[in-house]
Amino acid sequence: MLPYSLLYPQTNTARRAVKLDGMWKFSLDPQTQGEREGWPQGLPTQERIPVPASFQDFFTDKDTREYAGDFWYEIKFFLPREWAGKRLFLRFGSVTHRAVVYCNGVEVARHQGGFLPFCADITAAARLDQENTLVVKANNELTETNIPCGRTITLKNGKKMAKPYFDFFNYAGIHRSVHLLALPQASIQDVSLSFALEERAAQVRYTVDCAPGCTVALSLLDAQGNLAASGEGAEGVLTVKEPRLWGVRDPYLYRLVVTLFQGDQLADQYTLETGIRTVEVRGAQILLNGKPVYLKGFGKHEDSDLFGRGFNPAALKRDFELMKWMGANSFRTSHYPYAEEVYQMADREGFLVIDEVPAVGMFESLMNFFDATTGKQSGFFGKETTPQLLQAHLQAVEEMIARDKNHPCVMAWSLFNEPETTNENAVPYFEQVFARARELDPQQRPRTFALIGNSTPETCKCVQLSDFVCLNRYYGWYNQGGYEISDAEENFRKEMDGWKARGLHRPFVFTEYGGDTLSSEHKLPSVMWSQEYQREALEMLHRVFDSYDFVQGEQVWNFADFQTGEGIMRVNGNKKGVFTRQRQPKDAAFLLKARWESIPHTGWEKSPRAQQGE
Ligand code: BDP
C-alpha cells in the first residue's frame, strides 16, 4: 500500500491544487557537495531552467548534456493562511531517476523511479502565510538495481557517464508538473472501478479508500451532466441503464463524483472521468466490449526538441492529431509510464494504451537491440543484486497500476521490454511481477511483455505468462536487411510457424517492427536508410502479419525519430520514426495510413485468404 494518494490533482470545493511549474533555480553537483554546503536550505546560484523539462538540451556544453550524478532544483512558494488546518503536500509527476525533497531545509520525501508520481507531506515543515523554500536533489545515475537498467562509469578524467542498457537518451530532470496540494483532514485516498456489461445495462463496481468514520456518496453523470446512477457506501455497484460505452476511437466519458461526509458536513470530494468498457482476451482475439479489436499504432517515446523527456503539451497535441490522421487506434507507452495528461487525452480520443512499466534494459548489453540478433545470452536475472532490482520493479508496477487503473484507455500492462528470457532464472522473477500486476488491478486487465529477438518459440521460458504475446521483431533490418530481405521474410515465416506450433492459442501483437530511415534520403532502387527501403520493409512485414490469424495487432517502431546516446549505430538518434522528431511525415506514413484506414477500429475479422498467406 502506498503511503500517499496518487489521485491526479484537482481543485474543487474541498481541495486545492496549485502548479509550481516555471523557472526553477538549477545546479549540477559534480563534487557531491550540496548537503555539506547547505543546499537543502537554498541553492547558491542564479541559474534557472524550466520545469517541467529535461535539463540536458538547454546548455551548449557537452559536460552538462552528458552529466551523470546529483543535480539540484529550487523554487520558492507562498502558502496562503486560509489553508490552516489542511494537510499540505507537494506532488511530483516524476523526477528522473531519484529524488530527495526538502521543504525549508527539512527532508520531506525520498523517491526512486523516474517515471511515476510521488508526494511529500509538508504539513509540519511548511510555514503558512509565508514564503517557503522547496529544494529537490535529483540523481540520474543508472544502476542494475533500479529500472531502467544500466551502468554509470567514470572516465579517466574523473567525469561520470551513463551507460544505458537501453536505446534512448538518459534524459533527466523534473519531467512533469509539480503541484502544491491542500487536502482536507479526512480525505478520499483512492477510487477503484471495474465494469461488467449486461444486455441493456452496465454494472460499475467501485471501492473508495477513505478516512474511517466517514460516509460516501457517489453520482455518475453522463456527458450532458445528467445523473446516470448513484450510490452510497465505500464499496458497491452502480447500475447504469442503457449505458453509452467507451469505444475505440469512439469514446464516451462519464464523470463519477465521489463525496465524503463527516456527519452531515461535506469533508472531501473527487471527480473521476471514466469510460464504461471491458477488455479481455479470448482465444486468439483481444475483445473490447466483447468485439475483436486489431491494434494499429505505435511504440512511442516522450521525446521532443528542447524539452527532452519533459512533458510537452504541444507535442502531445500534435502527436494525437497525427495518430488520428494515420487511422491508428492504439499505442504502447514504451518504455515507461507517460505523463498522466497523455492518458487523459487517450481517454478523450478513444485510443487504447498498452501501459509499460520502466523495466527496460534487462538484457546486459549496451546494444541489446542488436546483440539479441546474434543469439547472445546474459542470464540477467541470476545476479546477487536481482532481489533489489525486483523490489524496484514491483514498486513501479504498484505505482503504475495505482496511478493508471481507472483510465478506460489502458487496455493492458506491459511488465517488461525485451528482457532476457532464455535462462531459467528469469522464471521466478517473472512470476512475481505478473502475480503482483494481477493482484493490484481491479479490472484484471491482460498482462504482457515485449519479447526481444532471441526470445523465440524454442528458447523463451516466460512467454506462457503473457495473456497476449508482444513481439519486437526487426526482420529486414537487424536481421537480413537490404537485398537479403527475401531471406528475412522466409526466416520470419519460419519463426511464426514455430509460434503456431508452440500452441499458445492467444493473440500476438507486434509491438516493434521497422527500420532506420533518414528523412533526407531517397534512392531508386532502394538502399537501407532510404525512405524507399522503409516502405519495402514495411510491405514485407505486413504481408507476413496478414498470413497469421493470431496476429492481432501492429505497432510500428517508432512514432517519431528520437534522441539516443551517440554511437556508431545511431545517426544523432534513432531514425526509425514514421515521423521526424519535428513531427513531419516520412513516406512510410502514407503507406501505413492507407493500410490502417482499410482496417476498421473494431470488429475486424481477418480474411481467410490472408490467413492462408496467399
Ligand atoms: C528494441 C528496443 C527499442 C529500440 C529498438 C531499435 O525495444 O528501445 O529503440 O529495438 O533498435 O531493441 O530501434
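Figures for the structure shown
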item	result
Probe 1.4 Å, accessible area per residue of the chain, Å²	38
Solvent accessible area, Å² - residue 602, 1.4 Å probe, full protein context	50
Integer Hz, Karplus 6.51/-1.76/1.60 couplings in order for the range 112-123, x for Gly and Pro	10, x, x, 10, 9, x, 8, 10, 10, 7, 10, 4
List 143, 448, ordered by accessible area with a 1.4 Å probe, largest first	143, 448
Full-stretch length increase - residue 110, residue 605 - with 0.36 nm per residue and alpha-carbon distance subtracted	173.2 nm
Full-stretch length increase - residue 317, residue 76 - with 0.36 nm per residue and alpha-carbon distance subtracted	83.7 nm
Dipole magnitude of the range 52-113 about its Cα centre (Cβ charges: Lys, Arg +1; Asp, Glu -1), debye to nearest 20	460
The chain, helix-only ellipticity at 222 nm - DSSP H runs n ≥ 4, -39,500 (n - 2.57), divided by all residues, nearest 500	-5500 deg cm²/dmol
Residues of type lysines that residue 593 reaches as a straight line, Cα spacing below 16 Å, ignoring anything fewer than 8 places off in the same chain	296, 324
Whole-Hz couplings from phi, Karplus 6.51/-1.76/1.60, listed for the range 249-257; x for Gly and Pro	6, 8, x, 9, 10, 9, 10, 9, 9
Beta bridges by DSSP in the chain, antiparallel share as percent, to the nearest 5	75
Efficiency of FRET between residue 124 and residue 568 - r from beta-carbon atoms, R0 56 angstrom, step 0.05	0.55
Exposure ranking of 277, 282 by accessible area [1.4 Å probe, largest first]	282, 277
Long-range amide H partners of residue 570 with built H, under 5 Å	none
Calculated FRET efficiency for the pair residue 32/residue 385, C-beta based, R₀ 25 Å, to 0.05	0.65
Dipole axis of the chain (+1 Lys, Arg; -1 Asp, Glu on Cβ), positive-most option in 560, 112, 334	560
Projected label distance in nm at residue 239 and residue 11, using a 7 Å step from Cα toward the beta-carbon	4.1
Where a label projected 7 Å from the Cα of residue 211 along Cα→Cβ would reach, residues of the range 261-280 with amide N under 19 Å	261-271
Two-site label geometry, residue 232 and residue 185: point separation in nm, points 7 Å out along Cα→Cβ	2.5
The range 426-535: Cα Rg divided by the 2.2 N^0.38 Å rule of thumb	1.32
Efficiency of FRET from Cβ geometry, residue 464 and residue 264, R₀ 56 Å, rounded to 0.05	0.55
Directionally averaged shadow of the range 283-331, computed from the convex hull of its alpha-carbon atoms, nm²	4.5
Using distinct alpha-carbon pairs, which all enter the 1/r mean, Kirkwood radius of the range 369-498 in Å	16.0
Compactness of the range 232-282 - radius of gyration and Dmax, Cα, Å	14.6, 47
Assigned charges on the beta-carbon of Lys, Arg, Asp, Glu; the range 403-493 dipole about Cα centre (debye)	520
Among 83, 525, 165 - extreme Cα towards positive end, dipole of the chain, charges at beta-carbon	83
Tensor-based shape of the range 77-217 (alpha-carbon gyration tensor, a/c under 1.5 rounded, otherwise prolate or oblate)	oblate
Built amide H within the under 5 Å cut-off of residue 132, gap 5+	77, 78, 79
Segment residue 145-residue 282, extension gain: residue separation times 0.36 nm, minus the distance between their alpha carbons	45.7 nm
Estimated inter-spin distance, residue 87 and residue 502, nm [label 7 Å along Cα→Cβ]	4.6
Two-decimal log10 I(q)/I(0) for the range 1-103, as the Debye equation yields it once each C-alpha is a single scatterer, q = 0.10, 0.14, 0.22 Å⁻¹	-0.37, -0.69, -1.36
Radius of gyration, Dmax [the chain; alpha carbons; angstrom]	24.4, 77
Cut-off under 5 Å, modelled amide H: who pairs with residue 116 long-range	95
Within the chain: Cβ-based charge dipole about Cα centre, in debye rounded to nearest 20 (Lys, Arg +1; Asp, Glu -1)	540
Protein accessible area in the range 460-569, 1.4 Å probe - carbon and sulfur %	50
Selection from 147, 465, 204 lying farthest towards where the dipole of the chain points positive, charges on Cβ	204
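The values are calculated or read from the model by the stated rules, or taken from the named source; none is laboratory data. Since we're looking at a predicted model, the values are computed, not measured. Don't worry about glycine lacking a Cβ; one is built from the backbone with ideal geometry, like all the others, and counts go over all protein chains shown. Heavy atoms of the whole protein, side chains included, go into the accessibility calculation; ligands, DNA and RNA do not. Shrake-Rupley method; radii C 1.70, N 1.55, O 1.52, S 1.80 Å.
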